[in-house]
Amino acid sequence: MADSLAPFAPDEVVRFAQAIIRQPSVTGQEGELGRFLAGHLEGLGLRVELQEVAPGRYNVLAVLPGDDPLLGLLFHAHMDTVPTGAMPHPLSGEIVDGHIWGRGSVDQKGGLAASVMALEAIARSGHRLKRSLGLAVVVDEESEHRGSMALVRQGLRAQQAVVTEPSGLRLVIGCKGTLPFQIRVRGKAAHGARPWLGVNAIHQAMRVVSALEELEYPECSVPGYGPVRGSLNLGVIQGGRAYNIVPDECLLWFDRRTVPGEEPAAVLGQVQAVLDRLREASPVVESELTVARPDWSWEPIRRRGLQPALTPAEAPIRDLVARHHAAVVGSAAEVYFTDGYNEMDFLINDLGIPTVQYGPGDSSLCHTDEERLSIAQLLDATRVYIGLALEAAG
Ligand SMILES: [Zn+2]
């Protein structure tokens, strides 16, 4: 249906995805890709604004104007990728067995390409739109979320939105939050030959870890999906200076995933209560709890944190995506709640825009050395985006 209303050439979609995969855009180095996207979108006749987020780093905001300036639909994508890791040819964009290989192909240049190409097809079709259509391509999603924080500061408005992160074409109606925290456990240094004169901070940290492992995490029932549960992962330990010194400090970095209904203050309170209990039982366990992540130095994100989000149950965007998915793919979309975090948090919780996540690519390949994008899903996503954007624009 979409193909006849706003035709597009599948080869062009694939070539465009390859072109943006070949442009490196590791977090912090998004400039070149941002300028390329801005130029491309301007060339299609869209109104494009570069929003400076940090020195030399810009969000690209594009609008395909309709009679009403309010956005009937906003596509949201991030242009940054994680580092290339050990991928042999991270920027090849090579096609093997129906997949485009490369860092960022799944996370999330596939969804970015599909949304740009959908707007391109609609712009070329010359349809008169009642409502405007928008695309926000942000920087810094993989680290401090400065791009989407800038959208919030600006007060971006839209009737509804689709986060184009990879979902394997599942309809994602919510995501967990993540609350990163650090526990600094203090001890007392001594010569390794006389450990009884010191307090071993690593041993004390092990007691903290065991106590936290005993915690139970709340379960929440997501209507239309099922139960989801919070979790805790100890990701980094730093401690000890030499094998013959009793360590006087040990740092533990945890990633606590939260479900809808959990409040950061309560989550931190639960951890602090464990630390207080250990301290009472053994006064040598001295520890300090702070919200922190090894790659976070920007205060606003430490203060705000990353919250769980749920698409409002009655939001028309759920049905809109589900119907266009069914029309294109020929079967019902699987409704899903993701354990991962995505920036629907900012759109739903801060901007009040009903949002779902729906995008091409197998999310289990994100950040791996096997990252590759299914071309079939890339093309289906483009068709679905065209259909739902045309309907949202009236
Ligand atoms: Zn992503």
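The values are calculated or read from the model by the stated rules, or taken from the named source; none is laboratory data. Because the structure is predicted, anything quoted here is derived from the model rather than measured. A quick note on method: Cβ atoms are made from the backbone with ideal geometry, for glycine too, and the neighbour counts reach across all protein chains shown.
State which residue is farthest from the ligand (Cβ to nearest atom) when the search covers only the range 289-347 and only residues that are among the hydroxyl-bearing types (Ser, Thr, Tyr) and closer than 14 Å to Leu169 by Cβ.
Out of the qualifying residues, it is Ser331.
Go through (1) farther than 16 Å from Ala19 by Cβ; (2) within 14 Å of the ligand (Cβ to nearest atom) for Ala121 and report which single condition fails.
Here Ala121 clears every test but (2).
Every residue, every condition in (1) touching a residue at least 40 places away in the same chain (Cβ under 8 Å); (2) in a loop (DSSP other than H, G, I, E, B); (3) β-branched (Val, Ile, Thr), yes or no:
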{"site": "Pro24", "(1), (2), (3)": "yes, yes, no"}
{"site": "Leu33", "(1), (2), (3)": "yes, no, no"}
{"site": "Val53", "(1), (2), (3)": "yes, no, yes"}
{"site": "Pro69", "(1), (2), (3)": "yes, no, no"}
{"site": "His76", "(1), (2), (3)": "yes, no, no"}
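Can Ala381 be described as farther than 22 Å from Leu310 by Cβ, within 15 Å of the ligand (Cβ to nearest atom) and at pLDDT 95 or above?
Criteria met by Ala381.
Which of the residues spanning the range 84-115 are farther than 23 Å from Leu171 by Cβ, under 18 Å from the mean Cα position of the chain (by Cα) and either more than 14 Å from the ligand (Cβ to nearest atom) or not in a loop (DSSP other than H, G, I, E, B) (or both)?
The answer is Thr84, and nothing else.
Would you mention how many residues in the range 143-172 are under 20 Å from Glu314 (Cβ atoms) and either among the charged types (D, E, K, R) or touching a Gly at 6+ places or on another chain (Cβ under 7 Å) (or both)?
Counting residues in the range 143-172 that are under 20 Å from Glu314 (Cβ atoms) and either among the charged types (D, E, K, R) or touching a Gly at 6+ places or on another chain (Cβ under 7 Å) (or both) gives 3.
Which residues, taken from the range 145-159, are at negative phi, touching a residue at least 60 places away in the same chain (Cβ under 8 Å) and away from the ligand (no atom under 14 Å from the Cβ)?
Arg146, Met149, Ala150, Leu151, Val152, Gln154, Leu156, Arg157, Ala158, Gln159
If you scan the range 275-288, which residues turn out to be surrounded by 17 or more Cβ atoms within 10 Å (Cβ to Cβ) and either at pLDDT 95 or above or within 30 Å of the chain's Cα centre (by Cα) (or both)?
Selection gives Leu275 alone.
Which residue out of Leu129, Leu112, Leu71, Leu133 is in contact with a strand residue (DSSP E or B) (Cβ under 8 Å, 6 or more places away or on another chain), of a type outside the set (Phe, Trp, Tyr) and surrounded by fewer than 24 Cβ atoms within 10 Å (Cβ to Cβ)?
Residue meeting the stated conditions: Leu129.
From (1) touching an Asp or Glu at 6+ places or on another chain (Cβ under 9 Å); (2) more than 25 Å from Leu73 (Cβ to Cβ); (3) polar (S, T, N, Q), pick out the condition that doesn't hold for Ser105.
(2)
Can you name every residue in the range 289-323 that is outside any strand (DSSP E or B), in contact with a Phe, Trp or Tyr (Cβ under 8 Å, 6 or more places away or on another chain) and either hydrophobic (A, V, I, L, M, F, W, C) or modelled with pLDDT of 95 or more (or both)?
Ala292, Val321
Need a quick list: strands (runs of 3 or more DSSP E) entirely within the range 188-252 having at least 2 residues that are in contact with a helix residue (DSSP H, G or I) (Cβ under 6 Å, 6 or more places away or on another chain), without any contact (Cβ under 8 Å) to a residue 60 or more places away in the chain and under 21 Å from Gln270 (Cα atoms).
none
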